[in-house]
Amino acid sequence: MESAELALKWIAALGLTASVAAGAAYTAFQFLGKKWLDAHFAQRLQAFRHEQNQEIERLRYRINALMDRTTKLHQHEFEALPEVWSRLGVAFSATKDFTSRLVTYSDLESMGPAQSSEFLDASELPEWQKQELRGCKDTNRRYQEMIFWHRLQKVADFHAEFHNYFIAKGIFIQPELKEKIRDLSNMMYDAFNERALDHANPMLGQDRFAKGDLFQHEGPSKLEAIETDVQARLWHANKLD
């Protein structure tokens, strides 16, 4: 507005009449005031645009960071789920066979020397146990005892391999699916551990193998539900929206 005041002084210096001076002053005020307003508005608009651009950049950074984290999480989940499912399947099959009520053993005592030797050579038992059985009189009982603990160790190892991997990678699995897997894992452990405790100290009764029977009855449906959820998550990760 200093420009308007200078204009008034300039008009007064020319000695113009009051009416003419007033008209000239009004015209000068309109012209100079408009320029001042335009310049002030442009300055404010530029500052506003600068603030908006900064906010847009901050928002873009946050979105990109979020998308990057989400992509990495999906990648970890995509890698973990198939491996968890594979190890779970192996542990599940081994546990189901081990805890079955129908267990049969080969009759080594009815075999001839050649057949018995061939059978032991193909057995999963370690070599020192095979040698012990070859010189054992009560072969069947000793073989059943050895093979039981050998099978138990395999089941426990399969379950441990699955469970340890699941614990390590569980952070990348959705909570509901994770809970289903944990539930089945606990059921498997209870089933084969019950059988081990009973073998060491038999407890006769109706509920002797209650946990194993529960696993045999409900385990397959739980595994099927997990399979459905795993497939859904894997297909969702590959879905193009």
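The values are calculated or read from the model by the stated rules, or taken from the named source; none is laboratory data. Computed from a prediction, not measured in an experiment: that's the story for all the values here. Cβ atoms come from the backbone with ideal geometry, glycine included; neighbour counts cover every protein chain shown.
Summary of values
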| quantity | calculated |
| --- | --- |
| Only listed residue being in the same structural domain as Trp85 (by TED's automatic domain parsing), crowded, with 17+ Cβ neighbours inside 10 Å and either of a type outside the set (A, V, I, L, M, F, W, C) or part of a loop (DSSP other than H, G, I, E, B) (or both), chosen from Arg195, Arg208 | Arg195 |
| Unique match (being within 19 Å of Glu83 (Cβ to Cβ) and either crowded, with 16+ Cβ neighbours inside 10 Å or modelled with pLDDT of 95 or more (or both)) among Glu227, Glu218 | Glu227 |
| Only one of Arg142, Arg182 that is among the charged types (D, E, K, R), free of Cβ contacts under 8 Å to residues at least 24 places away in the same chain and farther than 30 Å from Ala122 by Cα | Arg182 |
| Test: residue in region 144-165 that is assigned by TED's automatic domain parsing to the domain that holds Arg182, farther than 30 Å from Val230 by Cα, in contact with a Ser or Thr (Cβ under 7 Å, 6 or more places away or on another chain) and surrounded by 12 or more Cβ atoms within 10 Å (Cβ to Cβ) | no |
| Region 173-189 - residue that is surrounded by fewer than 17 Cβ atoms within 10 Å (Cβ to Cβ) and over 18 Å from Glu77 (Cβ atoms) and, of those, nearest to the chain's Cα centre (by Cα) | Asp183 |
| Residue within region 157-167 that is under 17 Å from Pro126 (Cα atoms) and either out of contact with any helix residue (DSSP H, G or I) (no Cβ under 9 Å at 6 or more places or on another chain) or without any contact (Cβ under 8 Å) to a residue 12 or more places away in the chain (or both) present | yes |
| Selection status of Arg233, of a type in the set (Lys, Arg) and either free of Cβ contacts under 8 Å to residues at least 24 places away in the same chain or in contact with a Gly (Cβ under 6 Å, 6 or more places away or on another chain) (or both) | no |
